[in-house]
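These notes are about the structure you will find just below.
The values are calculated or read from the model by the stated rules, or taken from the named source; none is laboratory data. As the structure is a prediction and not an experimental result, all values here were calculated from the model. Note: ideal-geometry Cβ built from the backbone for every residue, glycine included; neighbour counts use all protein chains shown. Side chains included, ligands, DNA and RNA excluded: accessible areas come from the protein's heavy atoms. Shrake-Rupley method; radii C 1.70, N 1.55, O 1.52, S 1.80 Å.
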Amino acid sequence: LRLIKGLQHYQTEFKEHGFEDVGEFIQSSIGDGEQYLEGVDLIITNPPWGKQIPKADRPFLQSIITSGKTAHLLHSANAVHIEPFFIAAGWRAEKYGEADFALPAKYAHHSRQRDKTRVGFWRITRN
């Protein structure tokens, strides 16, 4: 199991739950090319939703297709482009749940100290 950049802040929580020897943390980004996905068996991603920059999630979604690996995607529950995007590429996108997701204020565009948003969960697989 390789844990891609963006999951490092969960490393302490993983250790607390007995997963300290399960994965390898690597430093890489979407823009580094596709080699950062070599050796990855499963992708779990929460891409930018495109509220600030339209289609900001596309490089993440395209990386799933390029990798050829099964992925679990957390995105806005209101997103209507997920299934058509993957179907057009010959993949399946199964929405299997929704939940309220707590949002602490982290960015300048967040107007409240704490908020919540509705998220959807998709399982993305090759046909």
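Selection within segment 88-101: residues that are open to solvent by 60 Å² or more (accessible area, probe 1.4 Å) and either of a type in the set (Lys, Arg) or under 18 Å from the mean Cα position of the chain (by Cα) (or both). The member of this set that is modelled with the lowest pLDDT is PHE101. For segment 10-26, check the following and say yes or no: at least one residue is open to solvent by less than 40 Å² (accessible area, probe 1.4 Å) and at pLDDT below 75. Within segment 10-26, one or more residues are open to solvent by less than 40 Å² (accessible area, probe 1.4 Å) and at pLDDT below 75. Pairing residues of segment 69-86 that are under 10 Å from ASN46 (Cβ atoms) with residues that are open to solvent by 70 Å² or more (accessible area, probe 1.4 Å) and charged (D, E, K, R), at Cβ distances under 9 Å and at least 6 apart in sequence or on separate chains, gives HIS72/ARG123; LEU73/ARG123.
Among the residues of segment 44-83, just one is outside any loop (DSSP other than H, G, I, E, B) and among the acidic types (Asp, Glu), namely GLU83.
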